[in-house]
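The values are calculated or read from the model by the stated rules, or taken from the named source; none is laboratory data. Just so it is clear, the model here is predicted, and its values are computed rather than measured. Glycine gets a Cβ as well: all are built from the backbone with ideal geometry, and neighbour counts include every protein chain shown. Just the protein is used for accessible areas: all its heavy atoms, side chains included, with ligands, DNA and RNA removed. Shrake-Rupley method; radii C 1.70, N 1.55, O 1.52, S 1.80 Å.
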Amino acid sequence: MAYTLQGETGDWEVVIGLEVHAQVTSSAKLFSGAATEFGADPNTQVSFVDAGMPGMLPVINRYCVEQAVRTGLGLAAQINMTSVFARKNYFYADLPQGYQISQYELPIVGNGTLIIDMPDGTSKHIGIERLHLEQDAGKSLHDQHPSKSYIDLNRSGVALMEIVSKPDLRSPEEAGLYIAKLRSILRYLGTCDGNMQEGSLRCDANVSVRPKGSTELRTRCEIKNVNSIRFVQQAIEYEARRHIEVYEQGGTIDQETRLFDSGKGVTRSMRSKEHAHDYRYFPDPDLLPLVLDPAMVETIKAGLPELPDAKKERFIRDYGLSAYDAGVLVAERASADFFESVAKGRDSKLAANWVMGDFFGALNATGRTIEDPPVTAANLGMLVDLIKDGTLSGRLAKDVFALMLETGKDPATLIEEKGLKQVTDTGAIEAAIDAVMAANPDKVAEIKAGKDKLMGWFVGQVMKATQGKANPAMLNELLAKKIKG
Amino acid sequence: MTELANLTIAEACDRLAKGEFTAVELTRAHVARMESLRGLNAFITETPDRALDEAKASDARRAKGEAGSLEGIPLGIKDLFCTEGVPTTAASHILDGFRPPYESTVTANLKKAGAIGLGKLNLDEFAMGSANITSYYGPVENPWKRRSDPATKLVPGGSSGGSAAAVAARMVMGATGTDTGGSIRQPASFCGIVGIKPTYGRCSRWGIIAFASSLDQAGPMARTVKDCALMLGAMAGHDPKDSTSAPMPVQDFAKALSGDIRGLKVGIPKEYRPAGLAEEVAAIWDKGVEWLKAAGAQPVEISLPYTKYALPTYYIVAPAECSSNLARYDGVRFGLRVEGKTLDEMYKKTRAAGFGTEVRRRILIGTYVLSAGYYDAYYAKAQKVRRLIADDFNRAFETVDVILTPTAPTPAFAIGEKSDDPVTMWLNDVFTIPTSLAGLPGLSLPAGLSSDGLPLGLQLIGRPFDEETVFRVAGVMEDAAGFTARPEGI
């Protein structure tokens, strides 16, 4: 069921390519030793190189190169053993050198693939065109002084990976899934923390439309620097509708760079093609071509973690999970790991239900994270065991779980302390049933006369009498036997 | 005192070691000359107090037995090297008030060897020029005069014109230079001194204000081959802060001056004898060949067919890199700022006021050749030709050990001459530019005087990182030339 937008003249298809800028997880910048910590005081993490001082020279940070290679391998992409850094020249106050060191003709990573999982259970392969390393610019602060702008160079020189997709995405939903999946892979690899609020993951979207069924590629507009998945989706949809409207009124779309106003939900022109920069790319003469050591690439390859796609398949195969459940669990490496420690050697479906149900609910409710969970995997596993061996009913288990959240204690201890063990002693349950029947002869008579609905009322009364501890299956069986004979 | 200023670095090192005089005395003698010869405008910033403090410290080190290889030797520093706490201008208005909080690797190495800095030497603005007339701080005057016309002020060559003039006028014992297309060798030739542009990658570029990164190389300028060898030994070395610095061992270059060049093959490129070559220059070149033959070397005619493309290639590559390297002079963080109503206006006003004509010309050329639609026709093609020029030399060095050429097509010319047409000026570097494009070591030494009494230099070109052979041959030629002439009155 392809995504189409209805116009007055017919259905339109959206063509989307994404450029994701992912900040490389590294304690030092791409070409200087300065620190990269987020949120430091302005201009406290700036070396002479980052400030573009005369005579300063860049020296490549080996770790950032390894991170780019790791990411390339994680995206099943071609690793280019020789790549070249180029200068992208333009003037701006927060670009101290007057150029950004980037990669142009020869990026470090070439063609790759990313698989997105559609909600209908199908999956789609999205082409990755390239990944290149580049340095970030500084930040201009225009709201600190009535007539001047302030410049913070802390970010200047920080290593970014620009990951460019092919124009293979066809809906805002696919774009969202692509970003989420890319972020998930980056986090698994530990090459980018994926934090969109802090700007360590930013997205430019290239959007064009075409009549449904057509294969042409029409003029695209680039929407710059969108910083949440939801905004990317809104921006794409707005932009696509804008294109359709222009075309249907007989107009043409100009290639241009646009900005998304998240407050108004609209995109607006930032600079037109005529004002587009001529970046005058040329190989940076301060840096030699980057030649990778094959042994280094092999070492990184051997050390790659199991990635979401492989993990998902394994969860489906080994734990018998549905594709959907497996997909949810593997989205974050930490939740996948948490699930595995709960599920190992236990009823995996029961474990999955508890992790995705009550446990995820508790994370939301408490605002805690999976790295600092309100209930440990060991304790949740113990709870699953206690349900499985009949010590706890489902209902009791929920009560115990609530107590676990409250106290942090393990379920066995709580059951002991609160006497919450399920009653499976036939005699005790029968006694409780007898007491309720003796107190309500009229209702017993009604059931016998055929009013089966009242059975539920009896179950409730007996549960109440046993403080919920009666084993529900046994209670039902005994009650039926006693009343109906 | 003047006698001290006439010593070579090697002699001064020996006599300082013997305790015949102190670094303070040697420094005072040079400070006196620096002050009395201010009219040459060789210095942009003089640092006599600092120099005397350093000289005292140097004498103290020597007393403790910790003397370095250039202990107590007063030098001048081309004002393209960043020097910590000392104004560094690149002879440009745009660096007004800039005091680097760091020291370039080369000058730091010289300091470590015990050298004393007398001050910062004048140059063409951002090292762009061949006559030292583009400096914001005014032209430098060559201490040499025409015999026939002693009143006319001559250029010292460029861009390291202040360095060459100061060395020739005995204001400093040696000086640092930088060479992008001939900026050490051509002024050395014009001022009758020795200067070597070592192999690209020999000296760290860290802390040297960049002109054209793939060509810029620091080197020494002094009055003898041995002095240059001593200085280069202290300046050179691998620097992890410069990715293009070569991880090569630094030889004892002075030791290479064995005087024995028997059996060495010396290439004489036929393309270096263009139609307009001054007769005197051609004659001194022939004389050079004779000296080498007499010393047992074997001259071999070679061909460097792509030579004629070197100049146009250089004037694409160097401006392209300069247009990008000079983008950082934007008025935002250091140096000159001329306020404007908008950021763009501030940029325009600052850069218009800050850069001189020649710098602006090269930025414009460089911006043009890198522009979309022109890149392939100019920059990409120039890079290919550059490769061919380097291949010319590689082929030649399969059969010869060193190449001998003139350094410059003419002796020094008058200030104001050749300045109408930039291309005529650029022709000064026709013999030095191919070496720069190929990254090879090139040394200029004084071989004799023109009929009008001006020094003429010859250039020796070596294999990559084979400065030793270059120095060895230069040493033999220096002895043969017996160049003892000095500028009138010096």
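Please specify each residue of segment A:92-122 satisfying the condition of being in contact with a helix residue (DSSP H, G or I) (Cβ under 9 Å, 6 or more places away or on another chain) and among the small types (Gly, Ala, Ser).
Selection gives A:93, A:98, A:110, A:112, A:121.
Within segment B:311-405, considering only helices (runs of 4 or more DSSP H) that don't extend past its boundaries, which have at least 1 residues that are among the polar types (S, T, N, Q) and modelled with pLDDT under 95?
No helices (runs of 4 or more DSSP H) qualify here.
Output the residues belonging to segment B:164-220 that are over 12 Å from the mean Cα position of the chain (by Cα) and either of a type in the set (D, E, K, R) or within 24 Å of residue B:449 (Cβ to Cβ) (or both).
The answer is B:166, B:168, B:169, B:170, B:171, B:172, B:173, B:192, B:202, B:205.
Within segment A:175-192, how many residues are farther than 19 Å from residue A:136 by Cα and open to solvent by less than 20 Å² (accessible area, probe 1.4 Å)?
Selection size over segment A:175-192: 9.
Could you run through segment B:236-260 and say how many residues are of a type in the set (Lys, Arg) and within 12 Å of residue B:467 (Cα to Cα)?
Count: 1.
Residue-wise test of (1) assigned to a helix (DSSP H, G or I); (2) open to solvent by 30 Å² or more (accessible area, probe 1.4 Å).
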site	(1), (2)
A:260	no, yes
A:280	no, yes
A:286	no, no
A:300	yes, no
A:310	yes, yes
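Only one residue in B:233, B:207, B:219 is over 18 Å from residue B:467 (Cα atoms) and either surrounded by 21 or more Cβ atoms within 10 Å (Cβ to Cβ) or in contact with a helix residue (DSSP H, G or I) (Cβ under 8 Å, 6 or more places away or on another chain) (or both), so which one is that?
B:207
Among the residues of segment A:46-66 satisfying the criterion of being in contact with a Leu (Cβ under 8 Å, 6 or more places away or on another chain), more than 8 Å from chain B (Cβ to nearest Cβ) and not aliphatic (A, V, I, L, M), which is surrounded by the most Cβ atoms within 10 Å (Cβ to Cβ)?
A:50
For segment A:438-485, which positions are part of a loop (DSSP other than H, G, I, E, B) and at pLDDT below 85?
A:449, A:450, A:451, A:452, A:453, A:466, A:467, A:468, A:469, A:471, A:485
Hey, could you check segment A:366-417 for residues that are among the hydroxyl-bearing types (Ser, Thr, Tyr), open to solvent by 30 Å² or more (accessible area, probe 1.4 Å) and outside any helix (DSSP H, G or I) and say which is nearest to residue A:468 (Cα to Cα)?
A:376
For segment A:133-211, give me every one of the strands (runs of 3 or more DSSP E) that falls completely inside it and has 3 or more residues that are within 22 Å of residue A:222 (Cα to Cα) and of a type outside the set (Phe, Trp, Tyr).
A:159-165, A:201-211
Within segment B:194-215, can you find the residues that are in contact with a strand residue (DSSP E or B) (Cβ under 6 Å, 6 or more places away or on another chain) and either within 14 Å of another protein chain (Cβ to nearest Cβ) or assigned to a loop (DSSP other than H, G, I, E, B) (or both)?
Across segment B:194-215, the qualifying residues are B:198, B:200, B:203, B:208.
Matching residues to (1) in contact (Cβ under 8 Å) with a residue 24 or more places away in the chain; (2) outside the structural domain of residue A:342 (by TED's automatic domain parsing); (3) closer than 30 Å to residue A:187 by Cα:
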site	(1), (2), (3)
A:371	yes, no, yes
A:374	yes, no, yes
A:392	yes, no, no
A:406	no, no, no
A:412	yes, no, no
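What number of residues within segment B:1-44 satisfy the criterion of being of a type in the set (S, T, N, Q), open to solvent by 30 Å² or more (accessible area, probe 1.4 Å) and either in contact with a Gly (Cβ under 7 Å, 6 or more places away or on another chain) or closer than 17 Å to residue B:114 by Cβ (or both)?
2
If we scan segment B:241-253, do we find a residue that is open to solvent by 10 Å² or more (accessible area, probe 1.4 Å), among the aliphatic types (A, V, I, L, M) and within 14 Å of another protein chain (Cβ to nearest Cβ)?
Yes; the residues of segment B:241-253 include at least one that is open to solvent by 10 Å² or more (accessible area, probe 1.4 Å), among the aliphatic types (A, V, I, L, M) and within 14 Å of another protein chain (Cβ to nearest Cβ).
Take the residues of segment B:328-345 that are facing chain A (nearest Cβ under 10 Å), free of Cβ contacts under 8 Å to residues at least 60 places away in the same chain and of a type in the set (A, V, I, L, M, F, W, C): which is most open to solvent (accessible area, probe 1.4 Å)?
The extreme case among them is B:343.
How many residues are of a type in the set (Gly, Ala, Ser), free of Cβ contacts under 8 Å to residues at least 24 places away in the same chain and more than 11 Å from every other protein chain (Cβ to nearest Cβ) when one looks only at segment B:292-327?
0
How many residues does segment A:96-134 hold that are open to solvent by 10 Å² or more (accessible area, probe 1.4 Å), within 14 Å of chain B (Cβ to nearest Cβ) and within 26 Å of residue A:47 (Cα to Cα)?
3
Filter segment A:18-30 for residues that are open to solvent by 10 Å² or more (accessible area, probe 1.4 Å) and out of contact with any Lys or Arg (no Cβ under 6 Å at 6 or more places or on another chain); which is nearest to residue A:197 (Cα to Cα)?
Of everything passing the filter in segment A:18-30, A:23 is nearest to residue A:197 (Cα to Cα).
For residue B:231, are the conditions met, namely being among the aliphatic types (A, V, I, L, M) and part of a helix (DSSP H, G or I)?
yes
Go through B:232, B:264 for me and flag whichever is under 13 Å from the mean Cα position of the chain (by Cα) and of a type in the set (A, V, I, L, M, F, W, C).
None of the other options fit; the residue is B:232.
Exactly one condition in (1) open to solvent by less than 40 Å² (accessible area, probe 1.4 Å); (2) touching a helix residue (DSSP H, G or I) at 6+ places or on another chain (Cβ under 6 Å) is not met by residue A:363; state its number.
The number of the failed condition is (2).
Which count do you get for residues in segment A:276-302 that are away from chain B (no Cβ under 12 Å) and either without any contact (Cβ under 8 Å) to a residue 60 or more places away in the chain or hydroxyl-bearing (Ser, Thr, Tyr) (or both)?
5
Take the residues in segment B:101-137 that are among the polar types (S, T, N, Q) and part of a loop (DSSP other than H, G, I, E, B); name whichever of them is nearest to the other protein chains (Cβ to nearest Cβ).
B:104
Step by step: first the residues of segment A:67-95, then only those that are part of a loop (DSSP other than H, G, I, E, B) and open to solvent by less than 10 Å² (accessible area, probe 1.4 Å), then the one that is farthest from residue A:295 (Cα to Cα). Which residue is that?
Filtering first and then ranking leaves A:95.
Taking interchain pairs and intrachain pairs at least six residues apart, which have beta carbon atoms under 7 angstrom, with the first residue in segment B:369-384 and without any contact (Cβ under 8 Å) to a residue 12 or more places away in the chain and the second hydroxyl-bearing (Ser, Thr, Tyr) and surrounded by 14 or more Cβ atoms within 10 Å (Cβ to Cβ)?
B:374/B:368
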